[in-house]
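Report on the structure given below.
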Amino acid sequence: MQIPLDREKSVPLARQIQAHLERLIAGRLLAPGVKLPATRELAQSLGVNRATVALAYEELIAAGWARAHVGQGTFVASPPDGAAAAEPVEPPARLLNWSALLSRSARIVESDGERARANAPGVVRDGVISFAGGMPDSGLFPTDAFRRALNEVVREEGEALLQYYPVGGYPPLRRYLATYLLRFGLEARAEDILIVNGSQQGFDLIARTLLDPGDAVAIEQPTYPRAMQVFRSFGASLLAVNRDVAGPRVDAFERLLERQAPKLFYCQPSAHNPTGLTIRRDVAAQLLAVAARHQVPVVEDGFDGSLYYGERPPAPLKALDRDGVVVYIGTFSKVLFPGLRLGWLVAPPPLADRLRAAKQLADLHTSALLQAAVHRFCERRLLDRHVARIAGEYRRRRDALVGGLRSAGFEIDRPKAALYLFPKVPPQLGRESAAAARALLDTVRVATVPGLVFGPEGESHVRFSFSVPEDTISGGVEALKSLAAAAAR
């Protein structure tokens, strides 16, 4: 640890050391529980007598900034109530106005973030039943099995996996994905697959490669908020394509392309967020025909077809693409662990080369160690077993929540995939999604996401996630029943 000491000052060295450590603790630069350096070690580092450091530590302990454990050392304590740290030895220089230096992209991201926070449900308080999250239930994670796979690849391939790695990704995982995607009719060679840090990086690389400031992006409404944020951050304007239960409205899409010239069209054909709905096959074919006729790329935000609650998952748009207009984004986030940040892109060859270059510029490569662990997990069919288990569990939770929502007067379609429900709110909750979300929180203490977060077409809807723990589902259904009883009265 480096502590600046001024031997020309009249302030004793022990007091200078004490003041410096108090400032670090008060500013949370030294967190509670952190062990301070041994007195001999710090004295040697600072070039002072050991007794000087010992005196500084004694004063810290006496003032409540640290605590001593016999035989273990001195540890940082929480800042004492009402205690103020000593002023730094030198006052800070004039602060730089960082806000004035932010790029247009950064300002757009901040503006979008402020709007999202304004519409978000806020901090979920104790006693609130929250359906506001959009993540898988971590209680269903196959943590032990994945830990064993990770340990094995470290032991067998650690030296290579912990080095820099080719940008395309771990070859065995790319070969596995090429076979895995065939289950859903998507044909891709291993060399056509680019491993990325989750679908969010996929959006970023596509936008970085295709968009210039001032370009337009056609995007279905309602839609995934972070996709909108990424495209806007690159200076693109967004052109809405409304959707219904069958998917994006092809007539609206074609009229838009006749009037405007968007650089690409973004959509979620399967397990759409927030509605959970899936595109009808005939609509998918028509959509691709229009895109090919107008030479507009389609960015398909894919959802794993294994996590499907119907008899047979629909084919991705990429599986139906005969004109090479679709860029496919896939991810393990919903079927395995979102914390892995592991996804992939499948793009036509001319674009794939540019995406690899953008990926290399961004971060060189995705963790080869995690890729290898996922491959080991998948090749042993552990992913298949896991998905079969969670599909049955999520189906049961979906059905329970759909029943509760319908009993409370919500209009709701039963999705065959995804982890969300997007019901139309009943009249007693009002017409605006933010007001409805607040009413649910205030009356029955149920937290949801207002539909306006997903775009103007989400107004009059709220989003519920049914991937929440089972006790949340049961508690939420009971709360919705009480809402229905109150409405009846």
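At a glance:
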quantity	calculated
Near pairs, Cβ below 6 angstrom, 6+ apart or cross-chain, from the range 171-182 (open to solvent by less than 30 Å² (accessible area, probe 1.4 Å)) to any residue that is modelled with pLDDT of 95 or more and of a type in the set (A, V, I, L, M)	LEU177/ILE193; ALA178/ALA188; ALA178/ALA190; LEU181/ALA188
Hits in the range 417-443 - residues which are open to solvent by 30 Å² or more (accessible area, probe 1.4 Å), assigned to a helix (DSSP H, G or I) and not hydrophobic (A, V, I, L, M, F, W, C)	PRO427, GLN428, ARG438, ASP442, THR443
Scope the range 444-477; condition touching a residue at least 12 places away in the same chain (Cβ under 8 Å) and surrounded by fewer than 15 Cβ atoms within 10 Å (Cβ to Cβ); matching residues	PRO456, PRO469, GLU470
Candidates ARG406, ARG414, ARG376, filtered to the one that is out of contact with any Phe, Trp or Tyr (no Cβ under 6 Å at 6 or more places or on another chain), among the basic types (Lys, Arg) and crowded, with 18+ Cβ neighbours inside 10 Å	ARG376
Residue match in the range 155-166 (condition: surrounded by 16 or more Cβ atoms within 10 Å (Cβ to Cβ) and in contact with a strand residue (DSSP E or B) (Cβ under 7 Å, 6 or more places away or on another chain))	no
Lone qualifier among ASP81, ASP137, ASP112 - being acidic (Asp, Glu), surrounded by 14 or more Cβ atoms within 10 Å (Cβ to Cβ) and at pLDDT below 85	ASP112
Residue in the range 183-199 that is most open to solvent (accessible area, probe 1.4 Å), counting only those that are assigned to a loop (DSSP other than H, G, I, E, B) and charged (D, E, K, R)	GLU187
Residue list for the range 309-337, filter: outside any loop (DSSP other than H, G, I, E, B) and more than 21 Å from the chain's Cα centre (by Cα)	LEU317, LYS318, ALA319, LEU320, VAL326
Per-region count, the range 416-437, residues at pLDDT below 90, in contact with a strand residue (DSSP E or B) (Cβ under 9 Å, 6 or more places away or on another chain) and not small (Gly, Ala, Ser)	5
Strands (runs of 3 or more DSSP E) (entirely within the range 221-302) containing at least 3 residues that are modelled with pLDDT of 95 or more and open to solvent by 10 Å² or more (accessible area, probe 1.4 Å)	237-244
Selection from the range 1-31 of residues that are in a loop (DSSP other than H, G, I, E, B) and open to solvent by 60 Å² or more (accessible area, probe 1.4 Å)	MET1, GLN2, PRO4, ARG7, GLU8, LYS9, SER10, VAL11, PRO12, ARG28, LEU29
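The values are calculated or read from the model by the stated rules, or taken from the named source; none is laboratory data. Model, not experiment: these values are computed from the prediction. Note that each Cβ is placed from the backbone with ideal geometry, even for glycine, and that neighbours are counted across all protein chains shown. In case anyone asks, the SASA skips ligands and DNA or RNA and just uses the protein heavy atoms, side chains included. Shrake-Rupley method; radii C 1.70, N 1.55, O 1.52, S 1.80 Å.
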